[in-house]
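Step one of this worksheet: look at the structure below.
The values are calculated or read from the model by the stated rules, or taken from the named source; none is laboratory data. The shown structure was predicted, so the numbers you read here are calculated from the model rather than taken from an experiment. Neighbour counts run over all protein chains shown; Cβ positions are idealised from the backbone, glycine included. Calculation scope for accessible area: heavy atoms of the full protein, side chains included, ligands and nucleic acids excluded. Shrake-Rupley method; radii C 1.70, N 1.55, O 1.52, S 1.80 Å.
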Amino acid sequence: MRNAAKVLIVDDDKSSSQLLSEVVRRMGLKPVVASKPMDALNVVKLQAVDAALVDVLLPKMSGVDLVKEFRKTKFADNPVVLLSGVFKDKAFSTDAIQKTGAADFLFKPFGAEELMNVLKVAFKDALGSERWTANMLLTRNFNSIRERAKAIEYLESVKGTDFPYVLAILLEPPLSGHLNIVNDQGELFGVTINNGYVVNVDSSDSQANAILTLISNGFLNQEDFDEFQRDGNRKFTIEHLIQEGLVSPHAVAEAKLMQCLADLKTICQSSSMHLNFSLSETVDTSANLSVSRERIVDSVIESFDEFYNEHNMSQFYTEVKNSPVRCTRDFAELEKYWSRPEFHSLDFLKEVVKGNETLGKALEAHSEQRLAIYRAIHILALNREIIFDDASRAKNMDALLNRYISMHWELENRNADEIFQYFGAPSMAPVGVITGIFDQYVKSNHPDQLPMDCDPKIRDWCRKCFELVSAAKDTMIDEKGRAELMEKKKTQILENQKRSSELVASGLDYLRRGQFQEALAAIKEAEVWHSTNLAFMIRVWAECKAQTGIPKATLQETLRKLEKLPVDDRRSAYYYMAVGQVKKQLGDVAGATSSFEKAIDADGSFSEARRELNALGRPQKEEKIDYLTADITTVISQLFRKKSD
């Protein structure tokens, strides 16, 4: 797919996800589908995803909670559209948008056109279509050959005067390949690049231009050439002229250089053109030509008066005038430029470049030298000595820094197995799974993938994260390391279970004493150490007692989670207590009463359920006990319960 922007679709309804995928494809984007929240979370941890469509009702985790987890990853501030066919309350959608920072909320069912219209607005800034203009390249510092080639692929129609800047980007070694050009007049040109040098330029007039250059520079006699043609040599190459002894090889090399520059100048005269570039490991260098970027820049400078007036320069730099100028290498290496005639009386540009100031500020302060400033800046830009920060760069860099700090915080106290579980691996995953996840991590998170000029803090935190994951991988693929880790995990699990049980007991004690906030805090901590269904049921109980005004949709979702618990758990008094508390908050008095009565049926000593029934003003069913034959513990429990009631 030409446009590589990815949209993550999270929906457990297959037909719905198919519709969403189709619309995303029609927009020229690439859908990535996940039906489970954890799968979706693993995608955004390991891949670069540009936007997401998330259904609110998902198994095990709500779409709202999932997006909140997204925000802790590389996904950061990327746009999200929430979807729901169940929750159609406007208040719920407003609350969900506020909690997640979503761009929009769509209610199912909806048609493809309606969805597309919403996505065009919601994803406009983050995605658009990946079509660039030449001056957008002013903000890019390309770190790889493929990045530069892809940038050319994404270019829309290019002005002739902008072409040298596009070519300058391609002439950064060691790139090699072929650039095909079609201008607005339908003329075809081909530029062959080998390891950062132009080695050939082809056009319909290339041969004629070379001959004219030879004749005008005295390397070929006009009469000799005319006679050569009269002898039947109408279709010929310059090599034929050399073989006939009419031109020396040295003269041909000079003529080819002049012809190359002449063709490039013709390209610059075009109003617009379309480009296509293909990478190649080997190219034909038989033309024996090597034109460097510096020589082409010199040719541009010679054409300043012809092509580069203030209007053209202003148009090219309009979008970056107020963006800081940034050196692509050490400032001291730019010293050679200040002695050039084009930089005469422009010493103030040193501070502009060195201090990361803006072009607009320099133009405003020295308005009488505007054209000279533009041309000097253009020389630095053509030589790729400077780029400009784009408007979102600072924001993106901050997000990247926060992402690696957050990831490091998540990973630093985990063992090797837990680190890979964070990225979606099962516990003690096979070596193949570990290496697969690690390879995915490296593609997006290796320190070498960062921009060369990124903040050292970002590089440092990226390196710290990479070292943690790399060390975890080494442990997980080593047989001895895995065995030691397994033994350590067994010990840790037992310790965690013990700590969790102590906290659950503490939470229950707080609940029975009416200290609901303390109870909720203890149960939540217990679930951090070791999550159990019992802890979940008691947490629901504590949440309902500690909080009032819980949203109806949240309560309904909690009920659904409770109803999905195993049968044995749904027979316990704690289950009925939790269900009763939720129904009480929902205003379902009859349902709450029934649940509290079932809690007592399950455990006759459950006095908290009796208190709830008293609070509801409902009579309690008396438990009939034969005091002569009943167990002594039951008798005492009944007597104490009567006393407490």
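How do the helices (runs of 4 or more DSSP H) wholly within region 552-645 filter down when requiring 1 or more residues that are within 23 Å of K60 (Cβ to Cβ) and modelled with pLDDT of 90 or more: which remain? Outline the logic, then answer.
On the way: elements: 552-563, 573-586, 589-602, 607-616, 632-644.
Answer list for region 552-645: 552-563, 573-586.
Identify all residues within region 302-332 that are more than 22 Å from K265 (Cβ to Cβ), in a loop (DSSP other than H, G, I, E, B) and in contact (Cβ under 8 Å) with a residue 60 or more places away in the chain; write none if there are none.
S323, T328
Restricting to region 130-145, and then to whatever is part of a loop (DSSP other than H, G, I, E, B) and among the hydroxyl-bearing types (S, T, Y), can you tell me which residue is modelled with the highest pLDDT?
T133
Please tell me if E335 is farther than 12 Å from E385 by Cβ, out of contact with any Pro (no Cβ under 6 Å at 6 or more places or on another chain) and either in a strand (DSSP E or B) or open to solvent by 60 Å² or more (accessible area, probe 1.4 Å) (or both).
no
Name the residue, out of G196, G190, G160, G218, that is on the phi > 0 side of the Ramachandran plot and either open to solvent by less than 40 Å² (accessible area, probe 1.4 Å) or among the charged types (D, E, K, R) (or both).
Step by step, each of G196, G190, G160, G218 is checked, and only G196 is on the phi > 0 side of the Ramachandran plot and either open to solvent by less than 40 Å² (accessible area, probe 1.4 Å) or among the charged types (D, E, K, R) (or both).
Residue check: is V56 in contact with a Ser or Thr (Cβ under 7 Å, 6 or more places away or on another chain) and either open to solvent by less than 10 Å² (accessible area, probe 1.4 Å) or more than 30 Å from C268 (Cβ to Cβ) (or both)?
Numbers: in contact with a Ser or Thr (Cβ under 7 Å, 6 or more places away or on another chain): yes; either open to solvent by less than 10 Å² (accessible area, probe 1.4 Å) or more than 30 Å from C268 (Cβ to Cβ) (or both): yes.
Criteria met by V56.
Would it be correct to say that V44 is open to solvent by less than 20 Å² (accessible area, probe 1.4 Å) and in a loop (DSSP other than H, G, I, E, B)?
When the stated conditions are applied, V44 does not pass them.
Just one of (1) surrounded by 14 or more Cβ atoms within 10 Å (Cβ to Cβ); (2) modelled with pLDDT under 75; (3) within 22 Å of L264 (Cα to Cα) trips up T237, so point out which.
Looking at each condition in turn, T237 falls short on (1).
Got a sec? Which of G111, G28, G85 is surrounded by fewer than 19 Cβ atoms within 10 Å (Cβ to Cβ) and on the phi > 0 side of the Ramachandran plot?
Selected residue: G28, the only one of G111, G28, G85 that is surrounded by fewer than 19 Cβ atoms within 10 Å (Cβ to Cβ) and on the phi > 0 side of the Ramachandran plot.
Name every residue in region 117-129 that is modelled with pLDDT of 80 or more and either loosely packed, with under 14 Cβ neighbours inside 10 Å or touching a Gly at 6+ places or on another chain (Cβ under 9 Å) (or both), in order of residue number.
Listed by number, the residues that qualify are N117, K120, V121.
So which pairs qualify, if the first residue must be in region 348-374 and at positive phi, the second must be of a type outside the set (F, W, Y), the Cβ gap must be under 7 Å, and the two must be at least 6 apart or on different chains?
Once the first residue is at positive phi and sits in region 348-374, its partners that are of a type outside the set (F, W, Y) give N356/P324; N356/V325; N356/R326.
Tell me which residues, restricted to region 338-366, are open to solvent by 90 Å² or more (accessible area, probe 1.4 Å), closer than 24 Å to N135 by Cβ and of a type outside the set (D, E).
K354, K361
For F277, indicate whether it is open to solvent by less than 40 Å² (accessible area, probe 1.4 Å), modelled with pLDDT under 90 and within 41 Å of the chain's Cα centre (by Cα).
So F277 passes the test.
Could you go through region 462-476 and let me know if any residue there is charged (D, E, K, R), open to solvent by less than 50 Å² (accessible area, probe 1.4 Å) and in a helix (DSSP H, G or I).
There is at least one residue in region 462-476 that is charged (D, E, K, R), open to solvent by less than 50 Å² (accessible area, probe 1.4 Å) and in a helix (DSSP H, G or I).
Give region 62-77 a look and list any residue that's open to solvent by 40 Å² or more (accessible area, probe 1.4 Å) and either in contact with a helix residue (DSSP H, G or I) (Cβ under 7 Å, 6 or more places away or on another chain) or at pLDDT below 90 (or both), or say none.
Pass one, region 62-77, residues open to solvent by 40 Å² or more (accessible area, probe 1.4 Å): 65, 68-69, 71-72, 74, 77.
Correct list: K68, E69, R71, K72, K74, D77.
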